[in-house]
Amino acid sequence: METIYTDLLSIGAGLAGERVAVEAAVAGFDTICLSIVPPRRSHSSAAQGGMQASLGNCAMGQGDNPDVHFQDTVKGSDWGCDQEVARMFAETAPIAVREMAFWGIPWNRVVPGKSTYYKGGKQFEKVEAKEKEGLITARDFGGTAKWRTCYTSDGTGHTLLYTMDNKAVEAGVRVHDRMEAISLIHDGETCMGAVARCMKTGKLRVYLAKATLIATGGYGRIYRETTNAVINDGSGAIIALDTGIVPIGNPEAIQFHPTGIVPTHILVTEGCRGDGGTLLDVDEKRFMHEYEPTKAELASRDVVSRWMTHHIRQGKGVPSPYGNHLWLDIRHLGADHIKTKLREVEEICNNFLGVDPITQLIPVRPAQHYTMAGVRTNKDGAAYGLKGLFSAGEAACWDMHGFNRLGGNSLAETIVAGRIVGIKLVEFLKGYEVKFNTQAIKDRVAIDKERIERLVGCKDGRENVYAVRNAMQDQLMDKVGIFRNGKDLQSAVDNLQVIYERSKKVGLHSNGIGASPELSLAIKIQGMLRLALCVAHGACVRTESRGCHAREDFPERNDGDWLKRTLATWKEGDVLPTLNYEPVTKVIELPPGDRGYGSTKIIS
Amino acid sequence: MTRRLTFNIFRYNPQDPESVPHTDNFVLEEAERMTLYIALTKIREEQDHSLTFDFCCRAGICGACAMVINGRPGLACKTLTKDLPDEITLMPLPVFKLVGDLSVDTGTWFSAMNEKVESWVHTNKKMDPTVQEERMNNALAEEIYELERCVECGCCVAACGTANMRQDFLGAVALNRIARFIMDPRDERTEKEYFEVVGTDEGIFGCMGLLACEDVCPKQLPLQDQLGILRRQMGWTAVKQLFHIAK
């Protein structure tokens, strides 16, 4: 077996993984990132809007500071976050943004003088100060008290990722692309690296490392409808869960976005509704004002998503070959407005739908968007349960998002957590030596080789891996989605357990030689089912509503019983995850209160 | 009227000794708003599990899905079947090493390119996290972003006459990258240093001016202009070097 040794092995080469890797490489440590795609294709690039940092340079951001950003983040999380982490995050964000500027990001800058902006379809005026000219500017995002979202046009994630990878190349970080980690090597106490499968040749390879980092992003692809890239299938969470020791934090904390286009679920921005766009049903009639008389289409993300789902369930969806959907109507905003203020939306509609939004309706429906959940770590990014294992970014439950992430805080987390965890990881590496247990390595490789042989040889059956995955996705989408209730959640758990048994009988329909996309999915399908069961079971047991976790049968946020974080582990041979709980935060700077939006019923 | 689409797809698995390069035909009923991402995923999941291709963001952002679509390099995710005839021929990008079927190894090529052109800001300054950022004119930031929009999909390389003939040609993507850093005041590289990277036949002087790069660029980058400007700059630097006055 080909074996490669390195000081730091980062599984994932998106923004968080590469930021940690850069820190280690600059400190002189040998660093390798594994990535299932070339690093610049990582899903970080898709975050278009921007990242939050309280620089307070622009007129509408005046008076902003880390305190305000901290409060917005804690409120946004519905008090589900670790406040110590949220505080570190808010304090470090401005430094991280400036550091990225130093490395080459062409951030948009303050242009002095008068300019106009739109809110709720109305036009307003603002004046930028002369003395702030040329400093990094910011735009408005939901759930924030100030304009705090730094951006580069409509490609913030893209420029961040390219600049970060530039820095990684300069620092000597080696990226092994098309290399997928399929298991962690550990002896129950210490993580020693990973077994990976080359997605060019199909060969297995052992990576031994002093420290291993999971930075594989979210797991949106366990849902049928998601805005996530096709690579976001949770492989990092799966290999962590497979250790039987490392917990997934708050697996049930999943965010949805109201307007994914049908069929591909590419996101169209909330700006459409912000500027006066409306949602229509099968009769081409508005409906949001009936459910939410005051805010109508402008209610918060989760609220709009819930009513859209409800309305489709009432038989008011538009039938299509891709299932029922609703319409987004921005025709009345006019060609001028759409071509200037919503240019990106116009491009998406034309390129990916063949729809002209100036004259036609846009087919939309809510889609899974973000996993607040992830590999549970302490504030230094060290995973619970295994020494030498770390996690950062969307893959981690660090946990600054709690039960709801604010727009612009995801990109910010990648580079802020990357910086903080990177520094801590370097400290760790400096004083640490590991003993590689050859028996543990040999055993792990043997298990993985056998798994693959059984799949290729159809030793356990010939279940179609795509059919199994689709069945899983249907359960999560239909029963563990935007609206949740005990009956549906229990039914999802029961059905997922049956599908889990089916997943053990998967066998390849192709020969599995070489890149083999079918084998790639088949290797992780059981892990995907275990992860799906963590989400469904965790949601079923949590009898309250908090942030994105909305229970129809328990509509109140229950701080008395549920101000705690779910920790899901999976013991070998079990059919359900083991759920444990811990307090959400050791330090309480901002006591639980009303968010000021969404549901206000709270049990204290 | 629903069309029946015929896909002629190049097939070859270089890891399989029994595999020989050939074309397979797949028939699929067209659905409204169908893109090549929807179509190829459907074919793989319903007709042939071994079909290999690359998609990642499926939103035209990541550049993973470039292939030759009816003779022209483009991103499959932003190609609607309604814009294509009943018969659709899909081939992998040339120049890049084949992984299998429609999938090619762009990662190795681009990482070598990024190392070669030293695609990062070269500076002797030290980052001080406690001070305010250096100022930049917003118009300049937007100009840099315009060139930074490249997604390294490989279409410009696949469509390039020079790149198809000589493996060491840097391609429009690399030349555009250098143009981006020349424009950026944070990069302290001198004329001479840039010249060493691109003032050669592997660089700007290898370009034959066919400019298919700009025609096929899915991000509509102004490659023609950038190649022209770079050629002029490097030409001047060459002249200045003759007289030993280049910086």
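Could you check, for the stretch A:69-77, whether at least one of its residues is closer than 30 Å to B:Ala112 by Cβ and surrounded by fewer than 24 Cβ atoms within 10 Å (Cβ to Cβ)?
Pass one, the stretch A:69-77, residues closer than 30 Å to B:Ala112 by Cβ: none.
Within the stretch A:69-77, none of the residues are closer than 30 Å to B:Ala112 by Cβ and surrounded by fewer than 24 Cβ atoms within 10 Å (Cβ to Cβ).
Look through the stretch A:67-97, keep the residues that are without any contact (Cβ under 8 Å) to a residue 40 or more places away in the chain and either within 14 Å of chain B (Cβ to nearest Cβ) or in contact with a strand residue (DSSP E or B) (Cβ under 9 Å, 6 or more places away or on another chain) (or both), and return whichever of them is farthest from A:Ala550 (Cα to Cα). It would help to see each step written out before you state the result.
Step one: list which residues in the stretch A:67-97 are without any contact (Cβ under 8 Å) to a residue 40 or more places away in the chain, which gives A:67, A:90-91.
Imposing the further condition that a residue be either within 14 Å of chain B (Cβ to nearest Cβ) or in contact with a strand residue (DSSP E or B) (Cβ under 9 Å, 6 or more places away or on another chain) (or both) reduces the set to A:90-91.
On the way: A:Ala90: 27, A:Glu91: 31 Å.
Residue satisfying both the conditions and the ranking: A:Glu91.
Among (1) over 14 Å from the mean Cα position of the chain (by Cα); (2) outside any helix (DSSP H, G or I); (3) surrounded by 14 or more Cβ atoms within 10 Å (Cβ to Cβ); (4) at the interface with chain A (Cβ under 9 Å from one of its Cβ atoms), there is one condition B:Ile61 misses while meeting the rest; what is its number?
(1)
Determine if the stretch B:172-187 includes at least one residue that is over 30 Å from A:Cys58 (Cβ atoms), buried (at least 17 other Cβ atoms within 10 Å of the Cβ) and more than 14 Å from chain A (Cβ to nearest Cβ).
yes
Within the bounds of the stretch A:504-513, is there any residue that is in contact with a helix residue (DSSP H, G or I) (Cβ under 6 Å, 6 or more places away or on another chain), modelled with pLDDT under 95 and part of a loop (DSSP other than H, G, I, E, B)?
No, every residue in the stretch A:504-513 fails to be in contact with a helix residue (DSSP H, G or I) (Cβ under 6 Å, 6 or more places away or on another chain), modelled with pLDDT under 95 and part of a loop (DSSP other than H, G, I, E, B).
Pick from the stretch A:76-100 the residues that are of a type in the set (D, E, K, R) and within 19 Å of the chain's Cα centre (by Cα): which of them is farthest from B:Met136 (Cα to Cα)? Outline the logic, then answer.
Going through the stretch A:76-100, the residues of a type in the set (D, E, K, R) turn out to be A:78, A:82, A:84, A:87, A:91, A:98-99.
This time we only want the ones that are within 19 Å of the chain's Cα centre (by Cα), so: A:78, A:82.
Numbers: A:Asp78: 38, A:Asp82: 36 Å.
The extreme case among them is A:Asp78.
Since A:Glu131 meets every condition but one in (1) out of contact with any Cys (no Cβ under 8 Å at 6 or more places or on another chain); (2) within 14 Å of another protein chain (Cβ to nearest Cβ); (3) outside any helix (DSSP H, G or I), which condition does it not meet?
In the conditions (1) out of contact with any Cys (no Cβ under 8 Å at 6 or more places or on another chain); (2) within 14 Å of another protein chain (Cβ to nearest Cβ); (3) outside any helix (DSSP H, G or I), A:Glu131 misses (3) alone.
Being surrounded by fewer than 24 Cβ atoms within 10 Å (Cβ to Cβ), charged (D, E, K, R) and closer than 25 Å to A:Thr569 by Cα: is that true of A:Glu552 here? Write out each step before concluding.
Values: surrounded by fewer than 24 Cβ atoms within 10 Å (Cβ to Cβ): yes; charged (D, E, K, R): yes; closer than 25 Å to A:Thr569 by Cα: no.
For A:Glu552, the condition - surrounded by fewer than 24 Cβ atoms within 10 Å (Cβ to Cβ), charged (D, E, K, R) and closer than 25 Å to A:Thr569 by Cα - is not met.
Restricting the stretch A:206-229 to residues that are of a type in the set (Val, Ile, Thr) and within 13 Å of the chain's Cα centre (by Cα), which is nearest to the other protein chains (Cβ to nearest Cβ)?
Step one: list which residues in the stretch A:206-229 are of a type in the set (Val, Ile, Thr), which gives A:206, A:212, A:214, A:216, A:222, A:226-227.
The next check asks that each one be within 13 Å of the chain's Cα centre (by Cα); those that pass are A:216, A:222, A:226-227.
Numbers: A:Thr216: 13, A:Ile222: 16, A:Thr226: 11, A:Thr227: 9 Å.
Per the stated criteria, the residue is A:Thr227.
Out of the residues in the stretch B:86-116 meeting the condition of being within 15 Å of the chain's Cα centre (by Cα) and among the hydrophobic types (A, V, I, L, M, F, W, C), tell me which one is surrounded by the fewest Cβ atoms within 10 Å (Cβ to Cβ). Walk me through how you get there before you give the answer.
Within the stretch B:86-116, the first condition is being within 15 Å of the chain's Cα centre (by Cα), and the residues that meet it are B:92-97, B:103-114.
Remaining after also requiring among the hydrophobic types (A, V, I, L, M, F, W, C): B:93, B:95-96, B:104, B:109-110, B:112-113.
Working: B:Leu93: 22, B:Val95: 19, B:Phe96: 20, B:Val104: 23, B:Trp109: 22, B:Phe110: 26, B:Ala112: 10, B:Met113: 18.
The selected residue is B:Ala112.
Under 6 Å by Cβ, and 6 or more places apart or on different chains, what pairs join a residue from the stretch B:167-191 that is at positive phi with one that is in a helix (DSSP H, G or I)?
Matching pairs, first to second residue: B:Gly171/B:Val157; B:Gly171/B:Ala163.
Are any residues in the stretch A:444-479 within 30 Å of A:Asn324 (Cβ to Cβ), within 12 Å of another protein chain (Cβ to nearest Cβ) and not in a helix (DSSP H, G or I), and if so, which ones?
A:Asn464
Check A:His176, A:His158 and return the single one that is within 14 Å of another protein chain (Cβ to nearest Cβ) and under 22 Å from A:Met372 (Cα atoms).
Details: A:His176 fails: under 22 Å from A:Met372 (Cα atoms).
The conditions single out A:His158.
The values are calculated or read from the model by the stated rules, or taken from the named source; none is laboratory data. On a predicted model such as this, the values are computed, not experimentally measured, just so you know. Counting neighbours? That spans all protein chains shown, and the Cβs are built from the backbone with ideal geometry, glycine included.
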